[in-house]
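Structure record follows, encoded as structure tokens.
The values are calculated or read from the model by the stated rules, or taken from the named source; none is laboratory data. Everything quoted here is computed from the prediction, not taken from an experiment. Here the Cβ positions follow ideal geometry from the backbone for every residue, glycine too, while neighbour counts run over all protein chains shown.
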Amino acid sequence: MIIVLALARIAWRAFANFRGTVFSLGKTIVYAGISISLGVLFSTLSYFEGVPYILAVPEAVLAAVAAFWSYRYSDRRISFWNSSDGSLYFRGGVAIYLIYLVGFVARLFIDVEFVGPSMFSFDSGVKLAGAALYGSVATDLLLVLGVGLLLGRNVRVVRRFRMIQRGEERVQEAAPELTIPTPNPVD
């Protein structure tokens, strides 16, 4: 039940970031912490299900590279603005949430399908083999990618907020329009 609530909250957060939401430093840090903790927990559980421990190194490298890339990418995708009542709003980086959600749901599916109710036990006695093991590795990589992307995005959001506080970045007075780029017509 807790996992379903966490998934629903993460999905809601992704939707809120699409349409724009009031910025809160505390909420940004708490949601990032919870999302990252869940991702680390589930990828760690797979080592007790038969995934070789040596794969922790590529997962850590993947998370670091994804966080670095996301930190740079998110700067162009995140926008802040002031509302008429003076509240600071922001939006952007929805694709990152979607990657995280897909990885998280896929990882849960692998655990529910092949491990069963003992999936939260660090010593469930279940050792994955064959396709289940490969599926576990693949979903762990996707989940770790999502965790890294989410970490980089949230670090960028907090940094941009700090720049706004110090007056180093100006904020729009109205919500930026959501536009879909259209191809240029050929002359």
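See the values below:
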{"item": "The lone exception for VAL112 - which of (1) within 19 Å of the chain's Cα centre (by Cα); (2) at pLDDT below 85 it fails", "result": "(1)"}
{"item": "Filter result for the condition that a residue is assigned to a strand (DSSP E or B) and closer than 27 Å to GLN165 by Cβ, over TRP81, TRP69", "result": "TRP81"}
{"item": "Residue among GLU173, GLU169 that alone is out of contact with any Ser or Thr (no Cβ under 8 Å at 6 or more places or on another chain) and either at pLDDT 85 or above or crowded, with 19+ Cβ neighbours inside 10 Å (or both)", "result": "GLU169"}
{"item": "Residue that is under 19 Å from the mean Cα position of the chain (by Cα) and not charged (D, E, K, R), where the choices are GLY26, GLY50", "result": "GLY26"}
{"item": "Checking VAL4 against (1) under 21 Å from VAL158 (Cβ atoms); (2) loosely packed, with under 13 Cβ neighbours inside 10 Å; (3) of a type outside the set (S, T, N, Q); (4) more than 15 Å from the chain's Cα centre (by Cα), the condition it does not meet", "result": "(1)"}
{"item": "In the range 131-155, the residues that are buried (at least 23 other Cβ atoms within 10 Å of the Cβ) and either among the basic types (Lys, Arg) or modelled with pLDDT under 90 (or both)", "result": "SER136, THR139, ASP140, ARG153"}
{"item": "Every pair of residues 6+ apart whose Cβ atoms lie under 7 Å, when the first sits in the range 137-153 and is under 7 Å from ALA63 (Cβ atoms) while the second is buried (at least 24 other Cβ atoms within 10 Å of the Cβ) and at pLDDT 90 or above", "result": "VAL144/ALA63; VAL147/ALA63; GLY148/ALA63; GLY148/SER70"}
{"item": "Selection within the range 74-107 - in contact (Cβ under 8 Å) with a residue 60 or more places away in the chain, closer than 16 Å to VAL157 by Cα and out of contact with any strand residue (DSSP E or B) (no Cβ under 8 Å at 6 or more places or on another chain)", "result": "SER74, ASP75, GLY93, VAL94, TYR97"}
{"item": "Residue within the range 21-44 that is touching a strand residue (DSSP E or B) at 6+ places or on another chain (Cβ under 8 Å), among the hydrophobic types (A, V, I, L, M, F, W, C) and more than 24 Å from LEU133 (Cα to Cα) present", "result": "yes"}
{"item": "Hits in the range 76-109 - residues which are closer than 30 Å to THR44 by Cα and either in contact with an Asp or Glu (Cβ under 9 Å, 6 or more places away or on another chain) or not hydrophobic (A, V, I, L, M, F, W, C) (or both)", "result": "GLY92, GLY93, TYR97, TYR100, GLY103, ARG107"}
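Quick grid of which residues meet (1) aromatic (Phe, Trp, Tyr); (2) at pLDDT 85 or above; (3) not in a helix (DSSP H, G or I):
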position	(1), (2), (3)
TRP12	yes, no, no
PHE15	yes, no, no
THR28	no, yes, no
GLY33	no, yes, no
LEU38	no, yes, no
LEU41	no, yes, no
LEU45	no, no, no
ILE54	no, yes, no
VAL57	no, yes, no
